[in-house]
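Structure, as structure tokens:
Every number here is computed from the coordinates shown, using simple stated rules; none is lab data. Remember, predicted model here, so these are calculated numbers, not experimental data. We place every Cβ from the backbone using ideal geometry, glycine too, and count neighbours over all the protein chains shown.
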Amino acid sequence: MKIIEGYKLLHRNNYTEYQNNLNVRVIDVQGIKIGGNTPVIIAGPCAVQSYEQTIEIAKAVKKAGANLLRGGAFKPRTSPYEFQGLGKEGLEILRQAKNITGLPIVTEVLDPRLVDMVYEYADIFQIGSRNMYNIPLLKEVARTQKPVILKRSMSAGLQEWLCLAEYIALEGNLDIILCERGIRTFPCKEYSRNTLDLNILLPLREKTFLPIIVDPSHATGDAKIVPFASLASIQFNINGLLIEVIKEDDNVEDILCDAVQGIKPSDLDKIVKKINYLYK
Ligand code: PEP
Ligand code: MN
């Protein structure tokens with residue numbers, strides 16, 4: 001294989017089945033096909049806060065048509081004084097949510113020392129934006145051979161993102177899902193948290209066969225923009241969405257992490273219906 005642009009295991013041009021087309025590798029997670037014919041919906045709270053909150057949201061997103069449940073038990077907060085997640089207790093709650101709803105679990109791992117623990121609960125590891133460059137963590141997660149969502153760093157270019165994903169591939173794990181979650185640009189914080197980089201989606205598709213998903217929640221930071229950002233992303237033939245959802249009657253003061261960007265289950269329901277209509 002030729003080393004093209006710093007990554008070769010993930011470059012389309014190195015595979016006859018992915019050359020000269022835009023085919024996507026299908027990653028099967030308990031029967032859910034990421035990279036299959038229809039986009040997958042991964043939805044749930046930013047952070048697991050309690051049993052009651054997580055189960056209520058899990059049931060609601062399932063009813064709205066989500067395929068997988070997201071939820072952070074370990075949260076990468078900017079300030080050390082902010083809620084850091086429930087840790088192992090949060091993972092236990094996610095397991096119960098899976099038992100009740102049947103939805104496989106997507107959850108973030110922050111620390112190479114905790115990979116073995118999170119492995120027991122996660123169906124897909126999430127590597128967050130802040131850890132895209134954490135090579136020891138990438139390797140440790142990759143060696144488990146479990147599927148990985150690799151979020152784009154808020155300051156990474158396309159090639160840089162794929163080079164870091166290549167570290168996972170080099171451990172023999174090609175079950176990598178790339179997640180665009182917004183980048184930092186000059187108007188950030190003025191009217192949105194980050195800037196959703198829709199422009200990267202097609203060039204990324206042309207470079208690699210990995211499934212691509214979009215996180216409209218962190219990309220915008222605003223629940224009212226999320227439905228529009230979701231549908232706009234879908235127009236780029238992405239393979240899924242990762243969306244933060246709050247309880248239907250949640251109070252912003254009760255939400256310990258990313259309160260203003262979480263959408264209600266009824267809004268998720270509308271997004272899913274629109275996507276289903278496009279794909280019917
Ligand atoms: C998250 O998904 O809750 C999260 C922390 O995302 P990111 O790493 O993209 O900021
Ligand atoms: Mn969040």
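Helix 88-101 axis versus longest C-alpha principal axis of the chain: approximately 90°, rounded to the nearest ten.
What is the chain by shape, rounded, prolate or oblate, if you read a ≥ b ≥ c off the alpha carbon gyration tensor as root eigenvalues and call it rounded for a/c under 1.5, prolate for a/b larger than b/c, and oblate otherwise? Verdict is rounded for the chain. Ranked by the mean number of other Cβ atoms within 10 Å of their residues, highest first, the peptides 5-17, 219-231 come out as 219-231, 5-17. Give the angle, between 0 and 90 degrees and rounded to the nearest 10, that separates the Cα long axis of helix 265-279 from the longest principal axis of the Cα atoms of the chain. Between helix and principal axis, roughly 30 degrees. For segment 33-79, the square roots a ≥ b ≥ c of the C-alpha gyration tensor eigenvalues yield an a/c of 1.5 or more together with a/b not exceeding b/c, which makes the shape oblate. Using the alpha-carbon atoms, what tilt in degrees (0 to 90, nearest 10) does helix 158-169 show relative to the longest principal axis of the chain? Approximately 90 degrees, to the nearest ten. Cross-link pairs exceeding 24 Å in C-alpha to C-alpha distance, out of K247/K274; K63/K207; K2/K139; K2/K33, comprise K63/K207; K2/K33.
Rounded to the nearest 500, the 222 nm mean residue ellipticity of the chain from helices alone is -9500 deg cm²/dmol, with -39,500 (n - 2.57) taken per DSSP H run of at least 4 residues. Taking square-rooted eigenvalues a ≥ b ≥ c of the alpha carbon gyration tensor, is segment 1-77 rounded, prolate or oblate, where a/c under 1.5 means rounded and, failing that, a/b exceeding b/c means prolate? Oblate shape, in that a/c is at least 1.5 and b/c is the bigger or equal ratio.
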